[in-house]
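Beneath this line is the structure, given in C-alpha cells, with notes to follow.
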Amino acid sequence: MASYSAKATQDKKGATERTPMALYRKYRPSVFGEVRGQEEVVSVLQAAVKDRTIAHAYLFAGGRGTGKTSMARILAKAVGTNDEDVYEMDAASNRGIDEVRQLREGVSTLPFSSTYKFYIIDEAHALTRDAWGALLKTLEEPPEHAIFVLATTELDKVPETIVSRCQVFSFKKPSHATLKKLVLDVAKKEGATIEPAAAELIALMGDGSFRDTHGILQKVLTVSADSKLTEAEVAKVVGAPKGALVNQFVEAMGAKNTDTALSVLQQATQGGVEPRVFCLLAVAKVRAILLLRFAPKQKEALLEEFGQDDVKFLETLAKGAPAINAALLAELLTALIEIPRSPLPQLPLELALYRALA
C-alpha cells in the first residue's frame with residue numbers, strides 16, 4: 001500500500017510529460033461541496049467532522065462509479081490527513097491474509113504528520129475469509145490514530161462481523177438529471193458546446209455511474225473535430241441507433257405489429273447497434289409515453305429530455321396506442337436485465353415482443 005499521488009512520465013530529454021488526465025479524475029470532487037447526488041451521506045459526514053465524532057471504521061456500499069472512493073478521500077482531507085498518511089489498497093488484487101497482516105503492522109505505527117492514518121480498502125468484498133479474520137482483529141481494537149473506509153459494490157459479501165463494526169453508508173446511483181447536468185458542466189469546462197439531446201444520450205448511457213458518464217463524454221470529445229458535440233457523434237461512439245429507428249420500433253409496438261417491430265430490431269442490430277442500447281432507448285421512450293398519459297404535468301421535463309418533435313410523437317402514442325402500457329414496459333425492463341446474460345443478445349427483446357404483443 002502507498003499514499004496516492006499524481007503520476008508523470010519522463011521523456012527522452014528528461015522533461016516531465018504528463019499524459020492526458022481522464023475526465024473522471026480531473027473533475028473528481030475534492031471537497032464535500034462538490035459531491036453530486038449523495039446529499040444524505042455528505043450531511044452526516046460533514047456533521048461528524050464538525051462535531052469531532054469521527055468513527056474508526058466506515059463501510060461505503062453502492063454501485064460502481066457512484067463516488068465511494070472519492071468520498072473516502074474527501075473525508076480523509078476533511079479530518080486533516082495529509083497525503084503521506086493516506087493509504088489505499090485495492091482488495092481485488094491484494095486480497096490475501098499477507099496483505100492484511102502488512103496493513104495491521106503499519107496501523108500500529110504513528111502517522112507521519114497528521115492526526116490520523118487513513119486507510120481506504122477498495123473492492124473490500126474481494127478479501128478472502130482469512131483476510132477478513134485478520135482485519136476483524138484490527139477493527140475490534142483499532143488504535144486511536146487509525147480510520148478505515150471499506151468500499152464495496154457487493155455489500156452482501158461482506159461478513160456481518162465486519163459490517164457490525166462499521167458505520168454503513170449506502171451510495172445511491174445518481175439520477176438521470178444529475179448525470180445530464182454533469183455532462184453539460186464538464187463539456188463547458190472543456191471548452192465544448194453540446195446539444196441537449198447529446199447530453200441526454202450520454203447521461204442515459206452512463207447508466208447511473210459518474211465514471212462511465214465521464215468516460216463516454218471523453219470519447220466523444222476525442223473524436224469530435226470541432227468541439228461541437230452532436231447527438232449523432234454521441235450515437236456513433238456508444239453504438240446507439242438513430243432516434244427515428246427507435247421511434248419506428250415503439251410505433252410498431254403501439255400498433256401491436258410484431259413483424260414490423262422485429263424487422264426494425266433486426267435492421268438496428270445488423271447495422272451494428274447493441275441490443276442492450278436499443279432496448280434502453282426503447283424503455284426510455286415507453287416510460288415517457290406512460291408519463292404523458294398518466295402524469296401530463298411531466299411534459300415540461302420530458303421536453304428537456306427528448307426535444308419538441310420527439311415529445312409530439314410520444315404524445316400521439318400516449319393518446320392512441322393502448323398496447324403501450326405498464327405490462328409492455330415491464331417486459332422491456334426484464335429484457336434489459338436479461339440481455340447481458342443471453343447467448344443471443346437480441347433474444348430477450350424478441351421474447352418481450354412475443355409476450356407483450358401476443
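Observations on the model:
- Hits in the range 116-160 - residues which are of a type in the set (Ser, Thr, Tyr), outside any strand (DSSP E or B) and either at pLDDT 95 or above or under 20 Å from Gly63 (Cβ atoms) (or both): Tyr116, Thr153
- The range 177-212 - residue that is hydrophobic (A, V, I, L, M, F, W, C) and surrounded by fewer than 20 Cβ atoms within 10 Å (Cβ to Cβ) and, of those, farthest from the chain's Cα centre (by Cα): Ala192
- Condition broken by Leu59, with the remaining ones in (1) out of contact with any strand residue (DSSP E or B) (no Cβ under 7 Å at 6 or more places or on another chain); (2) modelled with pLDDT of 95 or more satisfied: (1)
- Scanning the range 334-356 turns up one or more residues that are part of a helix (DSSP H, G or I), of a type in the set (Gly, Ala, Ser), modelled with pLDDT under 95 and surrounded by 18 or more Cβ atoms within 10 Å (Cβ to Cβ).
- Selection within the range 47-76: residues that are closer than 22 Å to Val107 by Cβ and of a type in the set (Gly, Ala, Ser). The member of this set that is surrounded by the fewest Cβ atoms within 10 Å (Cβ to Cβ) is Ala55.
- Selection from the range 86-115 of residues that are in a loop (DSSP other than H, G, I, E, B) and more than 23 Å from Arg52 (Cα to Cα): Ala91, Ala92, Ser93, Asn94, Arg95, Gly96
- Of the residues examined, Leu127 is one that is without any contact (Cβ under 8 Å) to a residue 60 or more places away in the chain and crowded, with 20+ Cβ neighbours inside 10 Å.
- The sole residue among Glu315, Glu305 that is acidic (Asp, Glu), assigned to a helix (DSSP H, G or I) and over 29 Å from the mean Cα position of the chain (by Cα) is Glu315.
- Evaluation of Ser43 against (1) out of contact with any Lys or Arg (no Cβ under 7 Å at 6 or more places or on another chain); (2) touching a residue at least 60 places away in the same chain (Cβ under 8 Å); (3) of a type in the set (Ser, Thr, Tyr) (one fails), failing number: (2)
- Taking (1) within 19 Å of Leu292 (Cβ to Cβ); (2) assigned to a helix (DSSP H, G or I) in turn, Ala323 satisfies each apart from (2).
- Candidates Ala282, Ala203 - the one that is closer than 28 Å to Gly62 by Cα and modelled with pLDDT of 95 or more: Ala282
- Of all residues in the range 49-80, those being free of Cβ contacts under 8 Å to residues at least 60 places away in the same chain and under 21 Å from Glu141 (Cα atoms) number 2.
- Enumerated helices (runs of 4 or more DSSP H) restricted to the range 202-273, each holding at least 2 residues that are free of Cβ contacts under 8 Å to residues at least 24 places away in the same chain and of a type outside the set (A, V, I, L, M): 210-223, 258-270
- When Glu84, Glu88 are checked against the criterion of being surrounded by fewer than 16 Cβ atoms within 10 Å (Cβ to Cβ) and among the acidic types (Asp, Glu), a single residue qualifies: Glu84.
- Output for the range 63-85, where each listed residue is in a loop (DSSP other than H, G, I, E, B) and under 20 Å from Lys50 (Cβ atoms): Val79, Gly80, Thr81
- Count of residues meeting criterion [among the hydroxyl-bearing types (Ser, Thr, Tyr) and more than 18 Å from Met21 (Cβ to Cβ)] in the range 193-223: 2
- Looking across Val44, Val31, Val35, one residue alone is modelled with pLDDT of 95 or more, within 28 Å of Asp185 (Cβ to Cβ) and either of a type in the set (D, E, K, R) or surrounded by 13 or more Cβ atoms within 10 Å (Cβ to Cβ) (or both). It is Val35.
So that you can scan it fast, the table gives a plain yes or no per residue for (1) aromatic (Phe, Trp, Tyr); (2) closer than 19 Å to Met89 by Cα; (3) without any contact (Cβ under 8 Å) to a residue 12 or more places away in the chain; (4) in the same structural domain as Gln218 (by TED's automatic domain parsing):
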residue	(1), (2), (3), (4)
Ala134	no, yes, no, no
Thr161	no, no, no, no
Lys180	no, no, no, yes
Leu184	no, no, no, yes
Ala197	no, no, no, yes
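The values are calculated or read from the model by the stated rules, or taken from the named source; none is laboratory data. These numbers come from a predicted model, not from an experiment. Methodologically, a virtual Cβ is constructed for each residue, glycine included, from the backbone with ideal geometry; neighbour enumeration extends over all protein chains shown.
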